[in-house]
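Worksheet for the structure shown next.
The values are calculated or read from the model by the stated rules, or taken from the named source; none is laboratory data. Every value quoted in this text rests on a predicted model; they were computed, and no experiment measured them. We place every Cβ from the backbone using ideal geometry, glycine too, and count neighbours over all the protein chains shown. The area values use the complete protein model at the heavy-atom level, side chains included, leaving out ligands, DNA and RNA. Shrake-Rupley method; radii C 1.70, N 1.55, O 1.52, S 1.80 Å.
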Amino acid sequence: MNTTVKKFAMACCAAAAVAVFVVSQAWAEPPDLSGVWIPDVKDQFRQETGNAPPWKQNILPQIQHMVSEEKAGRPFLVLSHCLPHGMPSWMLITHNAFEFLTTPGRITMLGEVDGNRMRRIYMDGRSHPEDPDLTLHGHSIGHWDGETLVIDTTAIAPQAYIAISEAVGIPNNGNMHILERLHLAKPNVLYDDLEITAPKVLDATWKTTRIFRRYPERHYEITEGECVQEDLVAGKDRFGNDIFISNPQGPYGSVHTVK
C-alpha cells in the first residue's frame, strides 16, 4: 500500500471514529437527576451581596429601601398571598426541597413549599407558543447538551419577581427571558447556571449560579407544604369540627416579630 492510500485509509478511520463518537454521545443516557435536591442556602446568602443583579438606576432606590426595611425588622413580603414563587425566584431563593420527575417528552420539577410549586419542562422538541398565556413560571422547553440540561423559559407574567431574598425583589415588569444550564458538578451536587434577561429592570443579562445537593443515604422525601401555615392555626367551628382559624397578625404580618 503506497503512502497516499495509507493516508486516505487513516483519514477514513478517523472520520468513522468521530462519527461513532458523535452517535454514541447522542444516544448516551442523560445523567440521573432523580431524588430530592436540597438548596445550598448558605451559598444563596453569599450571593445576595457577592453577585447582585445589574439593576437599572431607577430600580436601585426600591432595592435599597427593601434592604433597610429588612434590617429594621420590617421585611417586605416578596412571596405573599400564596402565589407561586414563579421564575426565576423559585431557583434563586428556594429554601425548600424539590425533585425531578422524568416522563416521556417532559421533565417536571415538584417543590415542597406549597401546592403551586411545579415547573413543566417540555423535552419533546416543541417550540414556545406564538401567542402564549403568561404565567408566573412561564413556558419552558429543554434539551440535553451532552450531560447538561438546557432550559429556555419565556412567557413569564410581568408580576413574577426577580428576588434575591425573601424580602428583596422586584417584579420583572415584562419581556423577561431565562436560560438555564443544569449540570452535575459532582455525583450529588447540581449547579444551575442562570442567564436572566429582564430589559425593564436590569441593565444587562444577569448571570448567576445556584447550588443544590442530594443526600441519597438520608432518603429524603418531598412533604406537603402550606403557604398559609403561619396565617392559620388549628381550631374548632361552632359544631365542634376541626378547622383552621385565623392567627392573630402582627403589625407587618404574622411573619414579623414584635421587638
Q: Could you calculate the FRET efficiency of Leu60 with His143 from 1/(1 + (r/R0)^6), where r is the beta carbon distance between them and R0 is 45 Å, rounded to 0.05?
A: 0.80
Q. Counting only the heavy atoms of the protein chains, how much of Arg117 is accessible to a 1.4 Å probe, in Å² to the nearest 10?
A. 10
Q) Just the accessible area for His143, please: 1.4 Å probe, Å², rounded to the nearest 10? A) 100
Q.
Using a 1.4 Å probe on the protein heavy atoms only, what accessible surface does His219 show? Give it in Å² to the nearest 10.
A. 140
Q: Sort Thr153, Thr49 from largest to smallest accessible area, using a 1.4 Å probe on the heavy atoms of the protein chains.
A: Thr49, Thr153
Q: Just reorder Cys82, Cys227 by solvent-accessible area, largest first, 1.4 Å probe, all chains present.
A: Cys227, Cys82
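I'd like the FRET efficiency for Ser68 and Ala185, computed as 1/(1 + (r/R0)^6) with the beta carbon distance as r and R0 of 41 Å, rounded to 0.05. Show your work: numbers first, answer last.
On the way: r = 36 Å, r/R0 = 0.87.
That gives a FRET efficiency of 0.70.
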Q. Where a Cα-Cα gap under 18 Å defines reach, which aspartates and glutamates qualify for Lys207, not counting those fewer than 8 residues away within the same chain?
A. Asp40, Asp43, Glu48, Asp152, Glu180, Asp192, Asp193, Glu195
